[in-house]
1. Using per-residue counts of other Cβ atoms within 10 Å, averaged over each peptide, order 119-132, 41-54 from highest down.
2. Classify the range 27-66 from the C-alpha gyration tensor, please: rounded if a/c falls under 1.5, else prolate or oblate depending on whether a/b exceeds b/c.
3. Report, please, the projected area of the range 36-112 averaged over directions, based on the convex hull of its C-alpha atoms, in nm².
4. Roughly how many nanometres apart are two label points built 7 Å out from the Cα toward the Cβ at LEU37 and GLN134?
5. Which value in nm describes the separation of the simple spin-label points at ARG26 and THR98, placed 7 Å from the Cα toward the beta carbon?
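A short reminder: the numbers here are calculations on the coordinates, not readings from a lab. Everything numeric in this text was worked out from a predicted model, so none of it was measured. Ideal geometry is used to build each Cβ from the backbone, glycine not excepted, and the neighbour counts take in all protein chains shown.
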Amino acid sequence: MARWLALLVLLGAALAQTPLELEAFRLTNEARKAHGLAALAWDDAAYRAARAHALDMLERGFFDHVNPDGLGPADRMWAAGVLEVTVGENLAFYEGYTPEYAAGVVVDDWLRSPPHRRNLLKPEFTHLGLALVQRGTASPWCRTSSPAPFASGSGRPLRRNARGGSATRAPPGRPWGCS
């Protein structure tokens with residue numbers, strides 16, 4: 001927990017979203033509007049949690065909703081200062097895509113995957129934070145509306161270390177998928 005909190009503190013409160021993150025945010029809201037749902041508001045706390053998790057996955061070489069210390073999405077949101085939320089998280093890991101192409105690929109792939117699609121299109125979600133970190137050609141995404149990606153909805157507390165789905169290897173040129 002101390003390592004993760006240190007990452008969160010280092011990120012600070014004034015992170016600026018990258019153009020890719022903002023494009024994925026726009027595409028997510030475009031998909032929601034196409035399905036008659038309200039657009040999500042950007043959430044800085046969710047963004048800090050998503051970014052810290054994406055950096056942690058890259059630094060420690062894992063790809064999962066629960067980090068090696070046993071901390072899950074709810075733990076990360078609480079550490080970012082959001083105390084009572086309903087959380088949905090989408091993860092993706094891409095290699096070999098140009099940055100300009102990545103935002104569209106990740107949102108399209110999430111929409112094609114039933115568990116990810118449910119997170120993107122969950123009517124109860126109102127806020128979102130998503131992050132992309134890159135090192136070389138490796139690009140883990142975390143959308144928290146979670147992973148990626150955080151949205152808060154009903155206000156009911158989420159069980160700590162809540163976990164869903166499992167990581168599987170996708171065909172070459174496609175992402176690792178995790179729900």
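1. 41-54, 119-132
2. Prolate shape, in that a/c is at least 1.5 and a/b is the bigger ratio.
3. Average of the hull's projected areas for the range 36-112 equals 6.5 nm².
4. The modelled label-to-label distance comes out at 2.7 nm.
5. Rounded to a tenth, the inter-label distance reads 1.7 nm.
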